[in-house]
């Protein structure tokens, strides 16, 4: 595919690497970020820096956004004029992890404006984003998807299409983040158990993540737990709390009891109350160890 | 290594395949099982069939046992005369998943008798045992371990040595089984969530077990949940309940709160109360779906 | 105290009895309800019926409101013009069970308007309201409280003053409703336990509510559980779910882990998913019995 | 009724007061306790002091025992010769809080010996025992019950007969102790919630225990929580943990999921791990406050 006129809004630790990969792929990328320093390396790489989010959206064929949460998406896209600035016929690719409720609202708002909408939340930590190896779950109308899928290749190890309804991609992302949180809490409790019986967590976790659970989540988080390496955070407790909150809100909306999610909620809340919101959420293992009197 | 005189007690769905692999490896294997039919295929393969468990232990260099639970191990090894029948200097390799308390008692009893003792619990379902691809966690005194490790090769994809104290292997096994149960419950809740939002569990689980969670446990149990394929069971609810009970007993002994284990306990108990103890424990997904009104 | 010009908004099963007691006490009461039939018995008793909520507020010395939830309060008082219609110097007595967040917002809005504000949520079911025997928790500025306390006498068995800040009364009410839900779930689980061991729930609950737990909550809900008398509801599952939600929101805002509240949330959600939202919330005992295979 | 020859085994903080009330009632009481000092005040009051538990049982018409737990009961009654020492036709009144399983075993053992057996566990703290105001739940065969009920009058505010099967009294006691634990945890969580919103626990608990929850359990434990008065313990965390364990064992035996009991288990375990096993179990409120960062 040839060069496409792309806007990219949100250059945090994830978005910066993603935008860089789009520039690298030869597209004409206009970027914007709330704090402008984040745009400099991209400018050096050849991106155009816009004065505002709306300016980054004006005239593009495709707009990517990678914003932090529901509030940031609502502020920028709906209230801040970005959707209004998009040309009719353009497509907005929303990479944020947002609530199902907002996902539905956004899909309708884009429809009314005649702008395509693809929900494309991503799995992967910043280094994976920079390497262009994200797992991207994408859903939207066929025409919009056809336009967007080639653009996702430089960002993704794999793209997982999930059908026509954008909200489907969001619920898969929300369910996936719950699975990660539950995997961490599982390792946290099991590690406290084996430690209390004299086996270092590291020995236990190496067996597990080297055999039955050999997978990125168990290797990554198992490694952090084994080393008690909770700061600086790759993904903060406070963000984990937000994501479990998205799962619980989606569960409540459709009346799905999730007792593991309730345990995660209470345990993360305890960590936040203890002032540990800035630790990596693998520090659920710290809470489990404290409860067992191990620290 | 040359041919070793081996006894093998317990020819259930796991033990039968393991014993066959020892015969296949060229050892002189004497087998015994409570119900004698299970021994026939092994006899046809060249094994000697003993009249009693004690007879299978007499005169061996190494005795393997693969019995169902604490009670079966206590009955056969301690109360049934097997330990007394073992020659001094022989080594007993206990593959069963047993409590930490019994593990300690067994280690002491073997010591007093001058018989070596290696705890070598295994991870893997029957097909994996038959293929000689188990993950085996093994612990015991160096001399006993040195004798046993070569014999484990034909049984194992990988052997994970865990030090001198046999109970260390058992707590790792117990912790690992808890991790499996927690992974199933996590997938069960997440699947109910996405289904309630219109995404088939299969679509969701394929993304997860094909990316961040690409590992045997998530692929195996994710596949069973996706297909709602709960019978015949590879590993029954009732056995899962027993294994979570081992984790909870070990946790209580050392005062380790494990709220996920408590949720698993209550949920498995609900399944048993509903008469579903013979389903595969992936049917935790059935409980989660019922609670959400999805079935 | 002499006759006071009172407005009363919200004549549901609770409000109707409360308003009747104010009329009975000799005050000049103007009432309003969304569905006008509820006002007729009060008109027959001597109340004036207003055309609108705002009309019921115009010219009063004190306005009572007994509305269903946050949304109803916001609609009527803030968005529907009631606050604007209140004379400066009047006092609004809000009997609703609402969130702490809305409580704070209302206190500020009344302050800005120069209208007094007393939060006065009530404990008691409809028969208790009709009998004028409610327990009322009341908080607000001293001047407003002084004006309102005499008016609460005909409604209350006892008034519990909670200080200057109206939100204090609301958090006490929210905590109290959580205590009621937890008492029901406790009786539900204990009843399932004794039933499974052959003791009728009634025999057990009579001992408990006749001795250590001799109190209105245990007698009332214990009686409903003993008789499995869940319909018609005195207080619906769906309302219990709302109230536990208020407790959980208040807990989350201040980072208070409440694992019992999480269990209540999941159990009530299961009942709602099963279509039992209209049963009395004592039917938590039905859920507990079902989980134990007792029904 | 005239004077009865009574033995009394177990003069702890509960048993001492109970035995004193039997002496006071004019019966010929022979007492025994493991540490003999506890018998001295009773000797001064007119009781005979036996040299052994068996000696206290020899020749009596009725034997009361008030021992600490399953192990103590098994040691003394079954293994220590007390049952063998009882005359045929005598009745043993067992006041201990024991498991349902041991209750059944004891009933059968007494039957075989031709000795009557009444399970008569008690509700009440030491001061209540001393005052002769216990609530006693009693079950056993009609003949044995007829003999025993008059003797319970000086001990009890009220006796609650529960039928022929002694185990029925034990499951009611176990269910009741669970209810007490759940009430404490409920007050603990609610108190943390209101405190986090600026309301002292005392203010909240006075409303509750003075209105909807006006009952001994809420007044007693509510008072301890309000004053943070956790030592010396009236009833220790470690004993509460034992009692919740009895409930959980009875629940597991009949497959009754009890999620509140699981929360209590995990929370008490956390307190024990923190070295707080000797605090009163009202200190569940301390755990809840710590989790919320309030202390």
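The values are calculated or read from the model by the stated rules, or taken from the named source; none is laboratory data. Since the model is a prediction, treat every value here as computed from it, not as a measurement. Please note: Cβ atoms are built from the backbone with ideal geometry, for glycine as well, and neighbour counts cover all protein chains shown.
Considering the range A:263-280 alone, what residues qualify as being more than 9 Å from chain D (Cβ to nearest Cβ) and part of a loop (DSSP other than H, G, I, E, B)?
Filtering the range A:263-280 down to residues more than 9 Å from chain D (Cβ to nearest Cβ) leaves A:263-265, A:267-268, A:271, A:276-280.
Correct list: A:276, A:277, A:278, A:279.
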Any residue in the range B:235-242 that is modelled with pLDDT of 95 or more, over 30 Å from residue B:21 (Cβ atoms) and in contact with a helix residue (DSSP H, G or I) (Cβ under 6 Å, 6 or more places away or on another chain)?
no
Every residue from the range A:59-97 that is on the phi < 0 side of the Ramachandran plot, out of contact with any strand residue (DSSP E or B) (no Cβ under 8 Å at 6 or more places or on another chain) and without any contact (Cβ under 8 Å) to a residue 60 or more places away in the chain
A:68, A:70, A:71, A:74, A:75, A:78, A:79, A:80, A:84, A:85, A:87, A:88
I'm trying to understand the selection: among the residues of the range B:154-206, which are at positive phi and either surrounded by 24 or more Cβ atoms within 10 Å (Cβ to Cβ) or facing chain A (nearest Cβ under 7 Å) (or both)?
B:198
I'd like to check something: does the range D:267-274 contain any residue that is surrounded by fewer than 22 Cβ atoms within 10 Å (Cβ to Cβ), touching a helix residue (DSSP H, G or I) at 6+ places or on another chain (Cβ under 7 Å) and touching a residue at least 24 places away in the same chain (Cβ under 8 Å)?
yes
Being over 22 Å from residue B:262 (Cβ atoms) and without any contact (Cβ under 8 Å) to a residue 12 or more places away in the chain narrows it down to one residue among C:246, C:224, C:212, C:239; which is it?
C:212
How many residues of the range A:235-261 are surrounded by fewer than 22 Cβ atoms within 10 Å (Cβ to Cβ), more than 8 Å from chain B (Cβ to nearest Cβ) and over 16 Å from the mean Cα position of the chain (by Cα)? The answer is 3
Is it true that some residue in the range A:138-150 is touching a residue at least 60 places away in the same chain (Cβ under 8 Å) and within 14 Å of chain B (Cβ to nearest Cβ)?
no
Taking the options B:240, B:210, B:234, name whichever one is more than 22 Å from residue A:169 (Cα to Cα) and touching a strand residue (DSSP E or B) at 6+ places or on another chain (Cβ under 8 Å).
B:234
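Counting only residues that are in a loop (DSSP other than H, G, I, E, B) and more than 7 Å from every other protein chain (Cβ to nearest Cβ), which one in the range A:207-234 is surrounded by the fewest Cβ atoms within 10 Å (Cβ to Cβ)?
A:232
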When residues of the range A:98-111 are limited to those that are without any contact (Cβ under 8 Å) to a residue 60 or more places away in the chain and more than 22 Å from residue A:6 (Cα to Cα), the one farthest from the chain's Cα centre (by Cα):
A:108
Scan of the range A:75-94 for residues that are touching a helix residue (DSSP H, G or I) at 6+ places or on another chain (Cβ under 8 Å), closer than 27 Å to residue A:245 by Cα and surrounded by fewer than 19 Cβ atoms within 10 Å (Cβ to Cβ), ordered by number
A:78, A:80
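Residue by residue, here is whether (1) in the same structural domain as residue B:137 (by TED's automatic domain parsing); (2) in a helix (DSSP H, G or I); (3) in contact with a helix residue (DSSP H, G or I) (Cβ under 6 Å, 6 or more places away or on another chain) holds:
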site	(1), (2), (3)
B:13	yes, no, yes
B:21	yes, yes, yes
B:41	yes, yes, no
B:56	yes, yes, no
B:64	yes, no, no
B:73	yes, yes, no
B:96	yes, no, yes
B:105	yes, yes, no
Given (1) buried (at least 22 other Cβ atoms within 10 Å of the Cβ); (2) not in a helix (DSSP H, G or I), number of the condition residue C:51 does not satisfy
(1)
Output for the range B:99-117, where each listed residue is under 14 Å from residue B:172 (Cβ atoms) and in contact with a strand residue (DSSP E or B) (Cβ under 8 Å, 6 or more places away or on another chain):
B:103
Can you spot a residue in the range C:124-132 that is within 13 Å of the chain's Cα centre (by Cα), under 26 Å from residue C:26 (Cα atoms), buried (at least 24 other Cβ atoms within 10 Å of the Cβ) and touching a residue at least 12 places away in the same chain (Cβ under 8 Å)?
yes
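Given the criteria modelled with pLDDT under 95 and either surrounded by 15 or more Cβ atoms within 10 Å (Cβ to Cβ) or within 26 Å of residue C:235 (Cβ to Cβ) (or both), does residue C:25 qualify?
Values: modelled with pLDDT under 95: no; either surrounded by 15 or more Cβ atoms within 10 Å (Cβ to Cβ) or within 26 Å of residue C:235 (Cβ to Cβ) (or both): yes.
Criteria not met by residue C:25.
State whether the residues of the range B:32-40 include one that is touching a strand residue (DSSP E or B) at 6+ places or on another chain (Cβ under 6 Å) and at pLDDT 95 or above.
If we filter the range B:32-40 for residues that are touching a strand residue (DSSP E or B) at 6+ places or on another chain (Cβ under 6 Å), which is where we start, we get B:32, B:39.
Imposing the further condition that a residue be at pLDDT 95 or above reduces the set to B:32, B:39.
Among the residues of the range B:32-40, at least one is touching a strand residue (DSSP E or B) at 6+ places or on another chain (Cβ under 6 Å) and at pLDDT 95 or above, which makes the answer yes.
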